[in-house]
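Written out below as structure tokens is the structure these notes cover.
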Amino acid sequence: ALIDELAYEYNDVVFVVSAGNSKPLDLYDNIAELMENYPNYLLENESFRIINPATSALSVTVGSIAQECVIVEQSLNRHNEELWIPIAEMDHPSPFTRSGFGINNMLKPEVVHYGGNLILKEEFGKLFENPGEKLPLLSNDPLDKLFTLGYGTSFSAPLVTHILGRIANKFPYKSANFIKNLLFQSASPVDIRGLNGNKSEKTNKSLKLQGYGLPSFDKAIASYDNRVVLLDESTIGLNKVHLYSFDIPDIFFETTGNKKISVTLTYNPVTRMTRGDSYLGNQMQ
């Protein structure tokens, strides 16, 4: 609630919050059971639901996905090599990330970025983690060592912040809503395998895990031959309507294949902690 108050007051600032982490190894003590329940435990277990301040309505909440799998062999004796098993595929939800939805079923997290994975092996009844699952980072104690390894949504959130910063450099006088809008419309989701349910339920669960998907700076700030971005920033009164019209070239209708028109709407309503029916003071349709 405090972040939302600040975001409403400072409407040229984008607030970015990590979704938070939880420990799957607290739930499962062997790889087979963990693999059998991934990724559904991220949605079904309450300990993997997003927590404050990730529920902030006006901030950008970032979840974590797995980067390309890199296994670091720690044994010099090749005859003793064990099979390392990555829990998540590349671009799939990290085994420790948290899922939405947020307050009043609002989409949280909105986007994801690379934050690490779990690469495990079992030996003598114990689980061991491979350091290749982690991201190389600057150490908090540079006098001891310059670099370290780590994973978590706290490392995926700065990657999204970096994209937002580059967008802000491109459009230095635009509002936070404008910059957030460019970020959201640039995101691409991945087809998450292994989700339980029918097609509609899987779509709903995918939104809970990755929101709009992985954002791209290039897609955020540019149009392409086959992808045109139209932007508008304005205000609208309560109970009012805005109508937009634009010409669509004939090639859009004549060319075979899948085509779409997508609309991204970003706004910052007043938030009300004391309101019983909705945390948002108003909503758009």
- Query: Got a number for residues in the range 133-184 being among the aromatic types (Phe, Trp, Tyr) and in contact with a Pro (Cβ under 7 Å, 6 or more places away or on another chain)?
  - Reply: 1
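Here's the yes/no breakdown for (1) modelled with pLDDT of 95 or more; (2) within 13 Å of residue 62 (Cα to Cα):
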{"residue": "169", "(1), (2)": "yes, no"}
{"residue": "173", "(1), (2)": "no, no"}
{"residue": "180", "(1), (2)": "yes, yes"}
{"residue": "206", "(1), (2)": "yes, no"}
{"residue": "210", "(1), (2)": "yes, yes"}
- Note on the structure: The number of residues in the range 224-273 that are under 29 Å from the mean Cα position of the chain (by Cα) and among the polar types (S, T, N, Q) is 9
- Query: With the range 90-187 as the region, which strands (runs of 3 or more DSSP E) entirely inside it contain at least 1 residues that are closer than 26 Å to residue 52 by Cβ and either open to solvent by less than 10 Å² (accessible area, probe 1.4 Å) or in contact (Cβ under 8 Å) with a residue 12 or more places away in the chain (or both)?
  - Reply: 111-114, 135-138, 147-150
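Find the residue count for the range 240-249, including only residues that are out of contact with any Leu (no Cβ under 7 Å at 6 or more places or on another chain) and within 18 Å of residue 223 (Cα to Cα).
Of the residues in the range 240-249, 3 are out of contact with any Leu (no Cβ under 7 Å at 6 or more places or on another chain) and within 18 Å of residue 223 (Cα to Cα).
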- Just for helices (runs of 4 or more DSSP H) wholly inside the range 1-72: which have at least 2 residues that are aromatic (Phe, Trp, Tyr) and buried (at least 20 other Cβ atoms within 10 Å of the Cβ)? none
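A quick yes/no check of all residues on (1) of a type in the set (Asp, Glu); (2) farther than 29 Å from residue 39 by Cα; (3) open to solvent by less than 90 Å² (accessible area, probe 1.4 Å):
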site	(1), (2), (3)
232	yes, yes, no
245	no, yes, no
255	no, yes, yes
278	no, yes, yes
- Note on the structure: (1) touching a Gly at 6+ places or on another chain (Cβ under 9 Å); (2) open to solvent by 30 Å² or more (accessible area, probe 1.4 Å); (3) within 17 Å of residue 159 (Cα to Cα); (4) polar (S, T, N, Q) all hold for residue 210 apart from (2)
- Can you tell me which residue within the range 257-268, out of those that are open to solvent by less than 70 Å² (accessible area, probe 1.4 Å) and touching a residue at least 40 places away in the same chain (Cβ under 8 Å), is nearest to residue 179 (Cα to Cα)? 266
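The values are calculated or read from the model by the stated rules, or taken from the named source; none is laboratory data. Only a predicted model underlies this, so the values are computations on that prediction, with no experimental measurement involved. All Cβ positions, even for glycine, are placed from backbone atoms using ideal geometry, and neighbour counts span all protein chains on display. Side chains included, ligands, DNA and RNA excluded: accessible areas come from the protein's heavy atoms. Shrake-Rupley method; radii C 1.70, N 1.55, O 1.52, S 1.80 Å.
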